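The values are calculated or read from the model by the stated rules, or taken from the named source; none is laboratory data. A quick note: this is a predicted structure, and the numbers were derived from the prediction, not measured. Quick reminder, even Gly has a Cβ in these numbers, built from the backbone with ideal geometry, and neighbours come from all protein chains shown.
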């Protein structure tokens, strides 16, 4: 098996591989055709990830010049490495492709002395088994929620003790400090990338108290290939609800985004139900290596999977 870096010439084939991998699993295991027949939207992964982390993707081939059999994105950060989407071609299932890709990423992270983090489907026991065999330990459970945001906007909501506004470059360090304090990880690069928004699809909102202290932040991607809320970190459920309501209202009117909520945040989950959200899947946040306690409210995302 050959592992090498992704090139621009691979983008179309990689999009087809990821689409085929996900479509096959959901169709055969869940009898769902949620990803349709078109692979074009899956170019979102190389398009956005290569802009954020150039050169941080591996592809696998059985032989040089042969078709791609697998792919995996990775994201080195100050405190950890994160794993993005990992996919195996349906025709290469059972050959250990995903395991070999993961072992390579783990080895590189270990060389830097950093833990590896990922978010994976709790419904996919194949990936769950792979990751736990490799030493990943689930740390938190999230329910994936989705709703059609009304064209006229979200219901009004008292903002409580915080004010919500679009994030600015001057907020980046404070947001990174907040995540470090609550979750023990830091990814300032992502937050700066969202604020700069050179691709035009990133959104980032911040909640601050009356003294201008950051109490939470929440991002989103608004792209033809991905409409999802996150990443976000907030001190408590009240701040998270205010931020989530603002992002849905400001960025997704008339659309149906997805977001992840910790299952143990009962008040926030109840609020989402009241808005009309429904559950579509469950995901696990897992860590291989040191795992600081996750405090406050964390809302992870699949775009980008850097936390």
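With respect to residue 307, is the statement that it is within 17 Å of residue 180 (Cα to Cα), modelled with pLDDT under 95 and surrounded by 20 or more Cβ atoms within 10 Å (Cβ to Cβ) true?
Judged against the criteria, residue 307 is a match.
If I ask for residues that are crowded, with 20+ Cβ neighbours inside 10 Å and either in the same structural domain as residue 79 (by TED's automatic domain parsing) or out of contact with any strand residue (DSSP E or B) (no Cβ under 8 Å at 6 or more places or on another chain) (or both), which ones from region 160-185 would you list?
172, 176
Can you tell me which condition residue 63 does not meet? The list is (1) within 15 Å of residue 101 (Cβ to Cβ); (2) over 19 Å from the mean Cα position of the chain (by Cα); (3) at pLDDT below 95, and all the others hold.
(1)
As an exercise: evaluate residue 227 against (1) assigned to a strand (DSSP E or B); (2) out of contact with any helix residue (DSSP H, G or I) (no Cβ under 7 Å at 6 or more places or on another chain); (3) buried (at least 21 other Cβ atoms within 10 Å of the Cβ) and give the number of the one condition it does not meet.
Checking residue 227 against (1) assigned to a strand (DSSP E or B); (2) out of contact with any helix residue (DSSP H, G or I) (no Cβ under 7 Å at 6 or more places or on another chain); (3) buried (at least 21 other Cβ atoms within 10 Å of the Cβ), the one that fails is (3).
Got at least one residue in region 184-192 being over 21 Å from residue 294 (Cβ atoms) and part of a helix (DSSP H, G or I)?
Going through region 184-192, the residues over 21 Å from residue 294 (Cβ atoms) turn out to be 192.
Subsequent filtering for residues that are part of a helix (DSSP H, G or I) retains 192.
Yes, region 184-192 contains a residue that is over 21 Å from residue 294 (Cβ atoms) and part of a helix (DSSP H, G or I).
Please verify whether region 130-140 includes one or more residues that are in contact (Cβ under 8 Å) with a residue 12 or more places away in the chain, in a loop (DSSP other than H, G, I, E, B) and in the same structural domain as residue 18 (by TED's automatic domain parsing).
No, because not a single residue in region 130-140 is in contact (Cβ under 8 Å) with a residue 12 or more places away in the chain, in a loop (DSSP other than H, G, I, E, B) and in the same structural domain as residue 18 (by TED's automatic domain parsing).
Listed here are the residues, each with its yes/no results for (1) modelled with pLDDT of 95 or more; (2) surrounded by fewer than 22 Cβ atoms within 10 Å (Cβ to Cβ).
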position: 198; (1), (2): yes, yes
position: 204; (1), (2): yes, no
position: 210; (1), (2): no, yes
position: 220; (1), (2): yes, no
position: 237; (1), (2): yes, yes
position: 243; (1), (2): yes, no
position: 248; (1), (2): yes, no
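Regarding region 52-71, can at least one residue be identified that is surrounded by fewer than 20 Cβ atoms within 10 Å (Cβ to Cβ), without any contact (Cβ under 8 Å) to a residue 12 or more places away in the chain, assigned by TED's automatic domain parsing to the domain that holds residue 106 and within 24 Å of residue 187 (Cβ to Cβ)?
Yes.
Would you pick out the residues in region 8-44 that are surrounded by fewer than 18 Cβ atoms within 10 Å (Cβ to Cβ), within 16 Å of residue 72 (Cβ to Cβ) and touching a helix residue (DSSP H, G or I) at 6+ places or on another chain (Cβ under 7 Å)?
11
Inspect region 72-83 for any residue being in the same structural domain as residue 95 (by TED's automatic domain parsing) and over 27 Å from residue 292 (Cβ atoms) and give the result as yes or no.
no
Output the residue which, of all residues in region 280-304 that are over 16 Å from the mean Cα position of the chain (by Cα) and over 22 Å from residue 238 (Cβ atoms), is surrounded by the fewest Cβ atoms within 10 Å (Cβ to Cβ).
Selected residue: 290.
Restricting attention to region 171-182, does a residue exist that is touching a residue at least 24 places away in the same chain (Cβ under 8 Å), within 16 Å of the chain's Cα centre (by Cα) and assigned to a helix (DSSP H, G or I)?
Yes, region 171-182 contains a residue that is touching a residue at least 24 places away in the same chain (Cβ under 8 Å), within 16 Å of the chain's Cα centre (by Cα) and assigned to a helix (DSSP H, G or I).
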